[in-house]
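Note sheet for the following structure.
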Amino acid sequence: MDTKALVELVGRLTLEQKVALLTGEDFWSLRAVPEIGLRKLLVSDGPAGVRGTTWDERDPSLLFPNPTALAALWDPGQVRRAGALMGAQARDKGVAWHLAPNVNLHRSPLGGRHFECYSEDPVLTAKTAAAFVEGVQSTGVASTVKHFVGNESETERMTYDAVIDEATLREVYLPPFEAAVRAGVWSVMAAYNSVDGVSMTDNGPLITGVLKDGDGDGAGV
């Protein structure tokens with residue numbers, strides 16, 4: 001469906017319906033809107049495998065090599081294959097939106113979610129993330145690159161402020177996100193933390209300026 005058709009569909013929604021789509025129906029789903037042909041969409045965590053939407057040992061998931069191990073292959077082809085297999089499992093579980101890859105960097109050995117991330121190197125992370133996105137989305141399942149940006153610590157992740165100078169931001173933290181966007185990733189998840197004093201979910205210069213508009217050149221990150 002082209003952009004014009006999507007805009008037309010959105011234009012048919014009431015304000016209440018638009019707000020409902022922003023808030024979701026429950027923890028793991030986006031509510032259906034039959035009036036525009038939108039079915040209920042399920043999302044799922046799972047950088048190392050598709051969790052699904054239940055917490056039940058009777059509904060197991062495949063456990064893949066964790067992202068750090070995938071990056072250590074230095075083989076985008078194998079990563080793409082792993083992504084395609086995850087996409088297939090997502091479809092098997094009825095999941096339309098996969099909340100991965102996590103492209104934050106291994107900046108400290110104390111990072112609590114390093115197993116979800118690829119490496120400390122932005123180039124390796126970028127190439128691995130692009131291949132993973134291509135693999136998952138080849139199955140018709142959406143990828144979500146996260147967490148944009150500077151979410152390299154779990155300690156007080158909701159409240160800390162990452163102070164990042166412009167050169168470091170451009171050379172270290174942004175390249176993995178740029179690679180995922182250029183690979184066609186369908187969505188980007190904002191980080192929990194602040195960057196340079198502004199919460200990432202309200203950070204206009206980074207969300208609008210860099211991610212959406214590419215600082216005015218229209219290219220995005």
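The values are calculated or read from the model by the stated rules, or taken from the named source; none is laboratory data. Everything numeric in this text was worked out from a predicted model, so none of it was measured. Please note: Cβ atoms are built from the backbone with ideal geometry, for glycine as well, and neighbour counts cover all protein chains shown. Heavy atoms of the whole protein, side chains included, go into the accessibility calculation; ligands, DNA and RNA do not. Shrake-Rupley method; radii C 1.70, N 1.55, O 1.52, S 1.80 Å.
Within the option set A100, A88, being farther than 30 Å from E8 by Cα and at pLDDT 95 or above holds for one residue only, A88. When restricted to residues that are open to solvent by less than 20 Å² (accessible area, probe 1.4 Å) and among the basic types (K, R), segment 125-182 contains 1. Residues that are outside any strand (DSSP E or B) and of a type in the set (S, T, Y) were ranked within segment 29-81; the one that is surrounded by the fewest Cβ atoms within 10 Å (Cβ to Cβ) is T54. For segment 139-146, the condition holds for no residue, the condition being that it is of a type in the set (K, R) and not in a strand (DSSP E or B). Here is the figure for segment 167-221: residues that are modelled with pLDDT of 95 or more, in a loop (DSSP other than H, G, I, E, B) and either of a type in the set (A, V, I, L, M, F, W, C) or more than 19 Å from T144 (Cβ to Cβ) (or both) total 7. Would you be able to say whether some residue in segment 108-117 is touching an Asp or Glu at 6+ places or on another chain (Cβ under 6 Å), closer than 25 Å to V43 by Cα and either at pLDDT 95 or above or not hydrophobic (A, V, I, L, M, F, W, C) (or both)? Yes, some residue in segment 108-117 is touching an Asp or Glu at 6+ places or on another chain (Cβ under 6 Å), closer than 25 Å to V43 by Cα and either at pLDDT 95 or above or not hydrophobic (A, V, I, L, M, F, W, C) (or both). Annotation for segment 104-124: at least one member residue is loosely packed, with under 13 Cβ neighbours inside 10 Å, in contact with a helix residue (DSSP H, G or I) (Cβ under 9 Å, 6 or more places away or on another chain) and not in a loop (DSSP other than H, G, I, E, B).
For E16, the conditions (1) surrounded by fewer than 11 Cβ atoms within 10 Å (Cβ to Cβ); (2) part of a loop (DSSP other than H, G, I, E, B) are fulfilled apart from (2). Restricting segment 82-103 to residues that are among the small types (G, A, S) and assigned to a helix (DSSP H, G or I), the residue that is most open to solvent (accessible area, probe 1.4 Å) is A88.
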